[in-house]
Amino acid sequence: MSLYQRVHYFTVQTCKRVFRHPEYGIVRFDDMIANADEYGFEVVYVAGISFENLPLHYRHFFIPESMFSATGFLCDFWSRSYSNKYVKEITGKPDVLIIDRRLEVCLDAAFFDWLEREDIAYQYPAGGDKKFTSTVRHHQSYPHIFAHGEGVPELVGGVREPWPLSLERLNAQDEKRTRLSDNMSPAIREAIARLYPTGYRPEWPLSQPIPDDFQINETCLCVASSNDVALNSAGWRPARQTAYGFEYGYAVNNIEVPDDDPVSGVWQKEMLIALRCLESQFDRLARGLTRQFKGNHYSVILNQIKKNKYRTLLPLSRAEQDVLFGLVGLDTGDPTGNIVYDLSKAGVADTISLWEHITNGGDQYQSFEVRPKSGIDDPAYRLFAVIGHCAWYYLISHRTSRSCHALDNGRCINYEPNQSLNVRSMDYRKLLNMALKGESEKMVSILNEYLEY
């Protein structure tokens, strides 16, 4: 598509991470589940719309009984307005609507008549259009629900989860997270300036939306993915009141732990991935465990876990694992948290899993690649940063690593490829050296000079 055309991508999909259950309400899994129906979970659908070449995505979850209107969804989004320091207002109809091909049998003829009346050109993506596929994949991301500072919701009796998450609350919270970040690459800023110049006059739909223009076809809307996993044993982490606010319950795959088990019991996979990325910092981790438990054998244990190819955290006890959870940087709510992960040995799947955890499912404040303002990039390594609402993370990786493919190909939630923070060449070299040594605390003072809050 031309850079001078405003293009939107429209999709409806069967949710792979969000389901409904009569005893638990809306159920969220960190994994993309392939066989949830076998365990009594009911289907939830997600309608999504995205901008071509702009980091702006909007979605709406719905169930089969809710009579979803495609034109109503589009009108709702096009009536919204988004802005940041580079653009005053993004709103209104697009020039072109690219429609997910899986919707061919779901959309009534009245839908296309409506588009023609609104003078909106439409088409389906070309076969093998990876850009479209990677963009609409965003709508399958895990919906984190943050209720910081909010009180306990109304109790619901007669069900296993007395504070179930409702579909209305899920959509309301997800809408709040739809925003246009200020952290944009020069290429994206240039595209915005062309598409929404000063004096741009948006157009909004004039026709009323059609209430019955969409018919659900489960076979077409449910498309298998290489990221799908089988649900073997579903565990439940119940809703709870925390010091920061109310946290809704969520489901866990392949693990069964009592409700009072430590947090490390849920995040075994992520802890093992993090350990692999912290091999050069095992001495620091061992010292942290020694301070807590007074033992001097933790270097041996960590190297034993490495020798076992990171299959298990044993022989560490539950208490030791819970302390290690914070030491490896997985406590994203720690305001003092700063850590460097070396992703050079991480594959695509492990990179995605670690990224989803440290960003709380894409809710990072900023994320970018650190690059020099002048001169050439380091020929061996690349450096990325995730600025969370509390903890900060730095990701260094060899250029040939599969982890770079995950970042460059849009597999990491809310990370826009080519998004960079350009620093002076001397600072760039210092940051790389500090990252290779795991000296995360020293990196903060340098980056703070360049970050905009």
Subset tally (residues that are hydrophobic (A, V, I, L, M, F, W, C) and surrounded by fewer than 18 Cβ atoms within 10 Å (Cβ to Cβ)) for segment 181-203: 2
Can you tell me how many residues within segment 102-120 are surrounded by fewer than 16 Cβ atoms within 10 Å (Cβ to Cβ) and farther than 28 Å from Y196 by Cβ? 6
Scan of segment 1-45 for residues that are in contact (Cβ under 8 Å) with a residue 40 or more places away in the chain and hydroxyl-bearing (S, T, Y), ordered by number: Y4, Y9, T11, T14, Y24, Y39, Y45
Could you say whether any residue in segment 244-257 is more than 29 Å from Q366 (Cα to Cα), touching a helix residue (DSSP H, G or I) at 6+ places or on another chain (Cβ under 6 Å) and buried (at least 16 other Cβ atoms within 10 Å of the Cβ)? yes
The one condition R284 fails out of (1) farther than 22 Å from I352 by Cα; (2) modelled with pLDDT under 90; (3) not hydroxyl-bearing (S, T, Y) is (2)
Can you name every residue in segment 53-72 that is modelled with pLDDT of 95 or more and farther than 22 Å from N414 by Cα? F62, I63, F68, S69, A70, T71, G72
Hey, among the residues in segment 385-419 that are out of contact with any helix residue (DSSP H, G or I) (no Cβ under 9 Å at 6 or more places or on another chain) and either touching a residue at least 12 places away in the same chain (Cβ under 8 Å) or not assigned by the TED database to the domain that holds E369 (or both), which one's farthest from L330 (Cα to Cα)? R399
When segment 206-237 is checked residue by residue, the ones that are among the hydroxyl-bearing types (S, T, Y) and crowded, with 16+ Cβ neighbours inside 10 Å are none
Residue set F73, F62, F68; condition buried (at least 18 other Cβ atoms within 10 Å of the Cβ), under 21 Å from L180 (Cβ atoms) and out of contact with any helix residue (DSSP H, G or I) (no Cβ under 6 Å at 6 or more places or on another chain); output residue F73
Would you kindly identify the strands (runs of 3 or more DSSP E) lying entirely within segment 337-453 that contain at least 3 residues that are exposed (fewer than 15 other Cβ atoms within 10 Å of the Cβ) and at pLDDT below 90? none
Please go through segment 172-196 and pick out each residue that is closer than 14 Å to H144 by Cβ and part of a helix (DSSP H, G or I). A172, Q173, D174, E175, K176
Scan segment 268-292 residue by residue and report those that are within 23 Å of the chain's Cα centre (by Cα), assigned to a helix (DSSP H, G or I) and closer than 14 Å to S344 by Cα. I273, A274, L275, R276
Taking segment 397-426 on its own, how many of its residues are under 15 Å from Y381 (Cα atoms) and not small (G, A, S)? 8
Considering only residues that are touching a Leu at 6+ places or on another chain (Cβ under 6 Å) and of a type outside the set (V, I, T), which ones fall in segment 358-377? F368
Sort out which residues of segment 219-251 are in contact (Cβ under 8 Å) with a residue 60 or more places away in the chain, farther than 29 Å from V348 by Cβ and of a type outside the set (A, V, I, L, M, F, W, C), and write them in order of number. P238, Q241, Y244, G245, E247, Y248, G249
Being closer than 20 Å to F282 by Cα and in contact with a strand residue (DSSP E or B) (Cβ under 8 Å, 6 or more places away or on another chain) is the filter here, so list the residues in segment 340-379 that pass it. V340, Y341, D342, L343, S344, A346, L354, I358
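The values are calculated or read from the model by the stated rules, or taken from the named source; none is laboratory data. Quick caveat: nothing in here was measured; it's all calculated off a predicted structure. In this analysis, Cβ positions are derived from the backbone assuming ideal geometry, glycine residues included, and neighbour counts consider all displayed protein chains.
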